[in-house]
Each structure stands twice: as C-alpha cells, then as structure tokens.
Amino acid sequence: MTLSILIFLPIAFMILVALLPSSLNHTFKYITLAVSIVQLIIAGFMYTHFNHSLPGVFNEQTFQFVEKHSWINLNLGTLGKLQIQYFLGVDGISIGLLILSAFVMAIAALASWEIKTNEKGYFCLFLLLNAAIMGVFSALDFFLFYIFYELMLLPLYFLIGIWGGARREYASIKFFLYTLLGSVFMLLVIIGLYFSVKDPVTGAHTFDMLSMMNPANYVQGSVFDIHSSTLLFGVSPRLLAFAVLFIAFAIKVPIVPLHTWLPDAHVEAPTPISIILAGVLLKIGGYGIIRICMGIFPDGAIYFSWVIGLIGVVSIIYGAMSALAASDLKRLIAYSSVSHMGFVLLGIASLTVEGISGAMFQMISHGVLSSMLFFLVGVIYNRVHDRDIANFRGLYSQMPTYSVFVFIAFFASLGLPGFSAFIAEAFSLIGAFNSNSIPRWMAVVGAVGILLGAAYFLWTLQRMFFGKTRFKGGEEWQSQLSDVNTREIIALSPMAVVALVLGIMPFLFFDMSNSAMVELVNSTLKSGSLHLETLSKLLN
Amino acid sequence: MTITQSLFYFLAFVAIFSSLLVVTAKNPIHSVLYLILTFFTLTGEYILLNAQFIGIVNIIVYAGAIMVLFLFVIMLLNLNVESEPQKTNLMKFIGIITGGIGLVVLTAALKSTDPSNTVVIQEVDMGLVKNLGQVLFKEFLLPFEIVSILFLSAMVGAVLLARKETK
Amino acid sequence: MSSIIIIAITAIVVLYLGLYKVKSALLPVSVLGLLGAAASLVCVWDKNISYFNDMLVFNNYAIAFSILLIATTILIFLLSGNYFEKISSNVAEYYTILLFALSGGVVMVSFQNMSMLFIGIEILSVSMYIMAGIKKTDSASNEAALKYFLMGSFATGILLFGIALIYGATGSFNLVQIAGKASEQPLLFYAGVIFMLIAMTFKVGVAPFHFWTPDVYQGAPTLVSSFMSTVVKTAGFAAFLRLFGSAFTSVPAIWTVTLVVMVVLTLLIGNITAAFQQNVKRMLAYSSISHAGYMLIAILLLGQASPNAILIYSVAYSIASVASFGVMVAVKEQKGSDDLSAFNGLGRTNPVLAFVMTVALCSLGGIPLTAGFFGKFYIFGVAIAANYTWLIAIAVLMAAVGIYYYFKVIIAMYLRESENSESIQLSLAYKFVLIFCIMITILLGIAPALITNIL
C-alpha cells in the first residue's frame, strides 16, 4: 500500500484543492507543502525499511513494497487477451530516485511561494505532476509506466505554458513536442513487446516489465524474439527497439543534439518548475535507460555502448562549452545540466558496476544540486526580475548569506571533493576507464569536462559575486536585493546538507543500490552478449 | 442473326452513339434531347428482355418526368456556351486518363465474364408486372416499406427548403 | 426492427407536434422516443434476430452500433436547446429530418441485404443534404448543401453500379450468399468490390474522396456538422465493416492494396492540412478525415478484433466530437466566430468550457487516460500484430501531428489573453451533455474494459 499512498495522496489533495473555493487561495501552498512533507516521511519510512540485500531488477520476488492487481483486461479475439496490471514495486534502482523525487517536490513546493496568479490551477497541476512522477518511478508494468510518463507531460506543459516567462508558449510547445515524439514511438515498442511476451503463469500477453526482461517468456517467432531472424527496415528489431527507446528517454536526459528544448524550457519555466525539470524530470530519462532499455534489451545496450558513450562525452563537452558562452544565469545552469547528465550516459555506457553506480549517484547528486542552483537563481530573479550575469557585480557584499549558499552549490557542482558530485563523477569516470565496452579516450575527454565545469562556475562566481558592488538597476536594485529570508534558508539548507552528507558518506546510497547494480550489470553482460551471438549467427 | 439479335445490336448502337452525343453536344438542349433518345433505346432493350414493367417505367419516369424537369432547369438557368465554365487542358487530360482507366477495368471485367446463355431467357415471364410485384411484396417487402422513410424525409426537406421563411 | 419503427414514428409525431405549435414538447418527445428505441434494442441483445428474408439482422454488432448512434443523437439533441430556433421557425422539421437520418443509420448498421444498405445510405444522405442547407440565407450553407448533394449523388451512382456488378457476378444481394459465390465470376466481382469500396470511402470521407468534407462541415450549421462527423461517420464505418467483413473477406488481396494507399493518403492529408487551419471548425473537419484514416486501418486488417476496434474508436471519437462541437457552438454564439482567436483566453473566462474542450481534444489526440487513447491503442495493437509496422509508424507520426494541432486550441484557451472577459452562460441541459461526455471520456480512459469486451 505504501507506494499507492505515495502516488494517490497528491491526487486526493488535488481534488480537494480543486473543490475548495478560490477565496482560500493562500492555503493551497500550505496544503501542497504538507502533502510533500508527508510524502517525504513515507519515503523516509521506505528508506529505513528497505532490505539492502534484495537485488530486485529482474526478479519479482526480490522487489519490495510490491503491489500487483489486475487493471484492464481486453479481449482481442484471435490475438488473445490483453492484460494490463497495476503493478508497483521498488528496488535498488528506483528507491533512491523515489526519495529524491519526494525531496525535490518538497523544495519545489517551498519555491512555489512566488506563484501569485491563479493559484488553484497551479497547485492542482503541481499535485498531479507530483503523483505522475511517483508513479513513473514505481511502475513495473510497462503500460502503467507509459501512462504515468504521459500524464507527467500534460501538467508540465501547462505549468510552463501558463506561469512561464515571456516566450513561454514557444518553450512549452517545444518541450511538449520533443517529448511527445519520443513517447509515441515508445508506444510502438511497447505494443511490439506486448505481442512478443507472454506471462509464464497465465499464458496471456502481458505488459509486465519483468516478464519482458526474461528471454524465456518471448513467443517463438515474434517480433522481439531473440531467435527470430526477421528484419525490420533491414535491422534486427531488437536493436531497433533499443534505439527507439533510447532516443525516447535520451530526449528527456537530454542528449546533444536533442537537448534544445531544455534551455528554452528552463529559462521560461517558473522557478519551482525549473527545479522539478532539473531535479526529477531529467532523471526519468536516465532511469528509463537503465531500467527499461538495458533491462529489456541487454543486447542493444552492449551493441550501442560505444554510441551511448560518445553521446555522453559530446554532451559533457558541448554542455560545458555552451555554459561558458551563456550570458543568462539560468541558461548557464541549464547547460551545466546537459553537461552533468552526460556523465550519466558515460557511466551507463561503461557497463561496469562502478560506472552505473556512478551514473545513478550522479542522478541523485545532480537532482539535489541543480534544484539548489535553480532555487538560487529564482531568489535573485524574484527580487529584480533579471538574471543576466553581466548585470550583477559584487553580490557578495550585498547578499552575504545568499552568496555562501551559491558558493556551496557551485563548488559542489564543479566536483569539489567532499561533495556528492565529486563521488558521482569519479565513479562514472572510473567505470569508463575500466570498461571493456568503450575506449579509454572517452574517459579522458569526460575528465576534461570536469575542468570546463570548474571554469564556467568559477568564472561566473568571479563575475557576479566579487569585485565592487555594481548593478544595472542601480539604487533601486540595491534596495530590492535583500538577503535570503527564512523560508529560503529552510529550503536551501537541507539541499546543501544532503549534498555534503552524500559526499562524505556515499555509502548511504551505495549500500542501498549495490546489490541491484551488480545484478543488473552481470546479467546485462551475460545475456546481452549471448543474444548478440545468437543474432550474428542468425544473420550469417 | 435472328430478328431479336439484330434489333438488339441496332438499339445498342443507337444507345452508345446518342449517349456520346449527350456529352459532346454544345447546346444543352440538344444534350437533353439525345438523352431522351438514349432512354428510349434502353427501353427498347428492356422490352427485348421481356421486362415490360421496367420498360414502361423507364419511359414514364425518366424520359417523361425527369427529362421535362431537366428542360425546365436548363431553360431557367439560361445556359449557353459563354456562361459555361471552361475546364483547363490539364483537367481535361486528368479526366480522360481517369475515365480511360475506369473503362479499361470495366471492359476487362466484362470481357472475362463467361458469356452466359441469358440471350435465351430462362424464365421468360420474369420481368412481367405480376412476377415483379410478387418479388417486391414478398421478398423485398421491407426495403419497399423502408423507402417510404426516404421519401418522407425528402419531401419534408423539399418543403422546408422551398418554403419562404415567415419571420 | 422495432427500434427503426419507434424512431420513424417518433419522427412523425414530432412533425405533427410542430404542426400544432407545441414547441416545448419537441425535445422531450424526441428524446423519449430515442430512449424507447434504445431500450427496445437492449431487449434483443444476444438474440440475433433476422427480419424479412434476412433483410436486416440485429446481431450484437448491429445493436451496439445502433445504441451508439442513438446515444450520440440524444446528446446532440440535448445540445440543440434553442440552436435551431435561431436559424428558422421550423424547428420540428429539423428534429424530424435528423430522426429520419438516424433511422437510416440504424438500417445501415443492421443490413444483411445490399438493397437495405443502399436504402439506409440514401435515407441518411438525403437527410444530410437537406440539413447541410437549412441556413437558407447563408451562402456557405447553400454551397455546402449543393456540393454535398452533387458529390453524394455521384457516389450513390457508383455504389449502385457496384451493387449491380456484384449482383451480376453472384446473383444475390444477400451478404452471406455473396461471400459463398465470390469466386464464380472473379473479374466482374472485383470490379464491383472496387466500385463499392470507392462509394463507401466517399461516404465516410476518406482521401482521395474527401474533398467535400471540409467545405460541408464548415458550411453546415455547427450542430449539423457534429451530427455528420459522429452519427454519419459511425454508421458509415459500421456499414463499411459489415459489408467487407462478411461479403468480401474471401478476396482481400484485391482491395487491401487500394485501402492501404487510401489509409496513408488520408492520414497524411487529414493531419497535415489540419495543422495549417486557423479556423477551429475547419480544423475539426480535417481532423475528422484523419480519424477516418485510423478507423480505416481496422477495416484493412479485417479480423475478429476489427468490430471491437471500430466500436471503441467510434465511441471515443463520437463522445469527444460532441463535446468539442458543443463548446464550439457556445463560443461561436458569444464571439460570433469559430476562428482560433475566438478561443483566446477561454481558460480564464470560462474554465469549465475550456476544461471540457481540453479533455475532448486530448481524447481526439489520443492522450492516455482518455477514451481516445484506447481507441488508437487498440487499432495500433491489432495492426502491429498483423505486421503492418511501417503503416503504424506513419500513423503514430501523424498522431503526433494531430496532438500538435489540437494543442493549438488548448494554447489559445490557456496561454492567450482574450479581449472581453464575459463568461458564457449555458443552459442546464448543455452543461449536462458536456460534463457527461467528459465523464465518459475519462471513465473509458481509466476502465476501457467497460466497452471493449462487448462484441
């Protein structure tokens, strides 16, 4: 029941908010915050009750907090029965992200204080988004996953489109179309998988992800059967499906060159939505690649590892370069996200336990740090409605506490030892160095990316915070730029603490995910290479 | 060649020839007149098949009532060569191609059909009013009745569209 | 059968009520009659009765589609409120003609003999020609009616020609007997099949026979357009599938290629043209062409799953269309236009209307948790199982284009500012229909099993 509560709590309160009269506008934010805090408590409960020794990943028995109910049964005539389940569960891959989501959503709720127009609609959509995010990370039925995945899109679209900045319409439709294009093709793969896989128990076709991961469940001669030699557009259908799914998720990550929606969406989105976008949404891409692409198509993961690694490296470098060139602070952070998420891809491509653990850890760490960065941008933007780097100088003497938080966030993000990002990037790079599937030079180039990261963060610090205080808005800005208030400190402190704690005690996370990672990597390498052998035999 | 056969070929020739003239005639009134001729030849064919009822109906309804309506419409519209919209050559070309393809398909279909021995009608009285009535009121009673809905709807509609609004 | 009689009698009663100027009774009597007709259909569920030498066979397929047609008509009637009164004083006649059209639709979904198919199509079409032109002073409406009439008659001619050829090849009008004798005169039969295919695709508005659709939908009064895009289309597809599914199954090779080309053309033309429209009504007209393309896929695949696929799709599509046309009527009444700009700021001035429109458009676009998603999902699923992967790739791409243009309306409603901030007042029945449609759309999106296992 725990996961269902986590998902449906926000929906219940969404209905409540929708029914309350608009005169109670000011209470909505408290309701939303309360929901997030309850979710955080539930997540904490799950963390303490999580059994670290159970790997999960492929075996339903080793998943925890499992809920499985029949949801939709359609009779397809000669094609058998369509069976969709309400199937939730967590393992070492998803638990960390689930807790991260609860945390980020709470921060975003705190940041939502800045929303002043049409609160009712905003908080309804916010709560709906919250539910969808929780659902995505806990769904184990592919169809259910898809529903939550799509359900996440709509509120985000409206949240950016209605409460966003000047070019919000453009940014929201761009974001929407990019993601939609990926997800409609994902739907095709889902349907194909559905017709290829049978539930070993009931014998009906199923959307159960775990059944899809077991090659024994594939129907002889079906599209995605390992032993089938049919080609689709001249390629093996399994490899094609991997590529399609990978692109669908990679749009979310985002990868270069499919990243162009991200800077626009971030720049136009209101602060809390930027926080959610960077903190949670990008992680869904990484999560999907690890859980779904690798889990279901291990052959594709091996076959394409070189390409994935290359995309990761290009993203790291390109993101960092663009961040160097950015003049808008929010855009700079958005590009730094592209760069940081590149490490996730690099770690995944390495197909080593270190690499993938590093990738997972990078997602958690980046989730916390980017939320913090976007929150910090929101602080000055709220005060003077400007965030051009060139328009600020010597902020340190104007806003000392704020600047301390900025220093922490920047140094943590650029990979200073002692903070979470250092561990994450180090593990990803170690994985890349030790990997058999990608060449060493990728790891080296990735390491250069860290240098570039240091460059743009330090340069920004120097430009904005040091030197003599001078603002574009002059006296007026000086009076508006007050230091952070209590609410902001309450929101910022936990993020700083988490970044630090995870940096010093990374085992808090690794303990939880390790058995899952070992299981995932071993099995991917084993069954993936087996499938590839079968494939090359079939084609010759 | 029996007398029936020679009559058939004569009527068929006139039918095709006059229907070609319907299309090619410049003057719309001439077109209508050729159309009436076509209907008459078809009636002749029906009678050759001993389908008397349909032959008579064809004369009364088509050659009679409908053609008069046609003439009225043409008269009222005052159609002549100048006011007729000219088709471009491209349109004509496309039309010829499409029509030609249709013709080829149909000819092929008809050509491959086994020549049946219908020239010798097996049930000679099939087309007589009596037999027709029996089929219509036994086997096809339901369509016959349901058609009344169609006519009623059309009548209501015609009145509705033709009547002046009293507002 | 009794349902056809009830509908016809209701129509005549309504005509007389109009004669005696009992205006307030028109709507209740029509709705009551329709409910009676639906009830009489429910009573014969699973009975599989055939009437008059197999002219009509009311199997579950026919009953399910008839009920859908009747339900859609009831919803449209409830929306009509005083809509027709604004056009002219002869309101009773409009109800009568729509009821007659509906009876034609019921004949179309239950026919077993091609003579009935022809009569059913004619009743429906002739009624629609009239309804398209009821705005006598509006030249767009006149143009729509004339265009529809001329092109429709031409298609009817082709249909008759096809029926005649098939009769020539098999010596029968009965679907079962036709299927049994399909191979006796193959070429004549094929030619007949192709002619009937052309006629049927014309009636449901499939490219390349779609040219009448946008003009007619736009020119006709909006409620009539909604009737055309729901009842007429559903009846057309149900008849199409019934005809091809029972009579022409033995020769799929001859018509599938043609149909595949039509599907691709329809999807491309419908969606891409719709994406460029600035008028919402015209956009919905083009989108209805594209929906015909999706439904055509189910006919193309012709299997046990096809009836269900068409039914689910039609239900989802009809309900969402009624809701979206309903909102459009309301907006047009206030703003005097159904351009995209008329929808600007609707989210702020009329949150309920905007929400209804959003859900309806999401359903039309196929966003999950709405009925429309399952309609598409089902059809795509069947197509993938039949190895039409490339066709579905195009269909999916076009579905994405579809979402793009549906979202243009949503953008206008929520992201743009309106000039005036008056809210639109709606009658109770109007609100009921809109909310009802939305509830059904969402309900079927969450629990599609309610209707999917009927057939």
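Bear in mind these aren't lab numbers, they're just calculated from the coordinates by the rules spelled out. Treat the numbers as computed from the prediction; the structure is a model and nothing was measured. Ideal geometry is used to build each Cβ from the backbone, glycine not excepted, and the neighbour counts take in all protein chains shown.
For the reader, a short list of remarks on this structure follows.
- Value of D in µm² per second that Stokes-Einstein yields for the stretch B:128-167, Kirkwood Rh from Cα pairs, at 37 °C (0.692 mPa s): 268
- Measuring r between the beta carbons of C:Leu428 and A:Thr27 and using R0 = 35 Å, the FRET efficiency lands at 0.65.
- Within the protein assembly as shown: Cβ-based charge dipole about Cα centre, in debye rounded to nearest 20 (Lys, Arg +1; Asp, Glu -1): 1300
- The residue list C:Ile289, A:Ala409, C:Ile163 was ranked by how far each Cα lies along the charge dipole of the protein assembly as shown toward its positive end, using unit charges on Cβ atoms, and A:Ala409 comes out on top.
- Listed residue (A:Val253, C:Trp255, C:Ser226) projecting farthest to the positive dipole end of the protein assembly as shown, Cβ model: C:Ser226
- Taking chymotrypsin sites (Phe, Trp or Tyr not before Pro) as exposed when DSSP calls them loop and at most 10 other C-beta atoms lie within 10 angstrom, chain C has its longest site-free stretch at C:21-275.
- Helical mean residue ellipticity (222 nm; -39500 (n - 2.57) per DSSP H run of 4+; nearest 500) of chain C: -25500 deg cm²/dmol
- R0 of 25 Å, Cβ-Cβ distance B:Leu77-B:Leu21: FRET efficiency to nearest 0.05: 0.75
- Likely footprinting exposure, C:Ile67, A:Ile5, fewest C-beta neighbours within 10 Å first: A:Ile5, C:Ile67
- Rh by Kirkwood over Cα pairs, then Stokes-Einstein D for the stretch C:381-455 at 0.692 mPa s and 37 °C, µm²/s: 199
- Peptide C:362-375, shielding by other chains (average Cβ, 10 Å cutoff): 2
- Positive contributions from Lys and Arg (+1) and negative ones from Asp and Glu (-1), summed over other residues with Cβ under 12 Å from the Cβ of A:Thr62, come out at -3.
- Each Cα pair under 8 Å and six or more residues apart adds its separation to the average, and for chain C the resulting relative contact order is 14 percent.
- Cα-based convex hull volume of the protein assembly as shown per residue, rounded to whole Å³: 196
- FRET efficiency for C:Ala447 and A:Val497, using Cβ-Cβ distance with R0 set to 45 Å, rounded to 0.05: 0.50
- Dipole check for the stretch C:251-455: with +1 at the C-beta of Lys and Arg, -1 at the C-beta of Asp and Glu, and the Cα centre as origin, the magnitude is about 80 Debye.
- Under the convention that each Lys and Arg Cβ holds +1 and each Asp and Glu Cβ holds -1, the size of the dipole of the stretch A:304-504 around its Cα centre is about 260 debye.
- Gap separating the Cα centres of the stretch A:512-540 and the stretch C:360-396, nearest whole Å: 32
- With eigenvalues of the C-alpha gyration tensor scaled by 5 and rooted, the stretch A:152-282, Å: 36, 15, 11
- Principal axis dimensions, largest first and in whole angstrom, of chain C by Cα: 69, 56, 42
- For the stretch A:130-186 versus the stretch A:201-229, the gap between their alpha-carbon centres in whole angstrom: 29
- Computed Kirkwood radius, in angstrom, where 1/r is averaged over Cα pairs of the stretch C:1-47: 11.1
- Coarse-grained scattering of the stretch A:304-504 at q = 0.16 Å⁻¹, given as base-10 log I(q)/I(0) from a Debye sum over alpha-carbon atoms: -0.93
- Based on the convex hull around the alpha carbon atoms, chain A presents an average projected area of 23.9 nm².
- Partner aspartates and glutamates for A:Lys468 [C-alpha distance under 20 Å; skip if fewer than 8 residues away on the same chain]: A:Asp386, A:Asp388, A:Glu476, A:Asp483
- Spin-label pair A:Phe466/B:Val61, simplified geometry with 7 Å Cα→Cβ offset, distance in nm: 9.9
- A:Leu451-A:Met505 pseudo-label distance in nm [points 7 Å out on the Cα-to-Cβ vector]: 3.6
- Once Rg and the Kirkwood radius are both taken over the C-alpha atoms of the stretch C:228-318, their ratio Rg/Rh works out to 1.00.
- Using only alpha carbons, the stretch A:206-279 has a radius of gyration to Kirkwood radius ratio (Rg to Rh) of 1.18.
- For residues of C:380-387, the mean tally of beta carbons on other chains within 10 Å: 6
- Here C:Ile272, C:Ile158, A:Ile308 are placed in order of increasing Cβ neighbour count within 10 Å, fewest first, which gives C:Ile272, C:Ile158, A:Ile308.
- Residues listed by number, the stretch A:214-254, amide nitrogen under 15 Å from C:Trp390 label point at 7 Å toward C-beta: A:231-235
- Dimensions of the stretch C:111-253 from C-alpha coordinates, computed as largest minus smallest value along each principal axis and given longest first, are 53, 23, 21 Å.
- Projecting the Cα positions of A:Ile489, A:Leu461, A:Ser196 onto the charge dipole of chain A (unit charges on Cβ atoms of Lys, Arg, Asp and Glu, taken about the Cα centre) puts A:Leu461 furthest along the positive direction.
- With all pairs of different C-alpha atoms in the average, the Kirkwood value for the hydrodynamic radius of the stretch C:251-455 is 17.4 Å.
- Estimated translational D of chain B in µm²/s (Stokes, Kirkwood radius over Cα pairs; 20 °C; 1.002 mPa s): 107
- For the stretch A:216-333, taking Cα atoms only, Rg and Dmax work out to 17.4, 57 Å respectively.
- Listed pairs C:Lys135/C:Lys281; C:Lys136/C:Lys332; C:Lys147/C:Lys233; B:Lys111/C:Lys147; A:Lys330/C:Lys408; C:Lys335/C:Lys376 exceeding 24 Å between Cα atoms: B:Lys111/C:Lys147; A:Lys330/C:Lys408; C:Lys335/C:Lys376
- The stretch C:317-350 versus the stretch C:237-255: alpha-carbon centroid distance in Å: 38
- Most mobile of B:Leu142, B:Leu20, B:Leu69 in a GNM of chain B (Cα contacts under 10 Å): B:Leu142
- Going from the fewest other Cβ atoms within 10 Å to the most, the residues B:Met91, A:Met46 appear in the order B:Met91, A:Met46.
- The stretch A:183-280: chymotrypsin sites (Phe, Trp or Tyr not before Pro) falling in loop per DSSP and having at most 10 other Cβ within 10 Å: A:Phe233
- Eigenvalues of the alpha-carbon gyration tensor of the stretch A:1-110, scaled by 5 and square-rooted, set the equivalent ellipsoid semi-axes at 31, 23, 9 angstrom, largest first.
- Loop-located trypsin sites (Lys or Arg not before Pro) in the stretch A:64-142 (DSSP state other than H, G, I, E, B) with a sparse environment of at most 14 neighbouring Cβ atoms within 10 Å: A:Lys116.
- Separation in nanometres of the label points that stand 7 Å from Cα toward Cβ, at A:Asn540 and C:Ala164: 6.6
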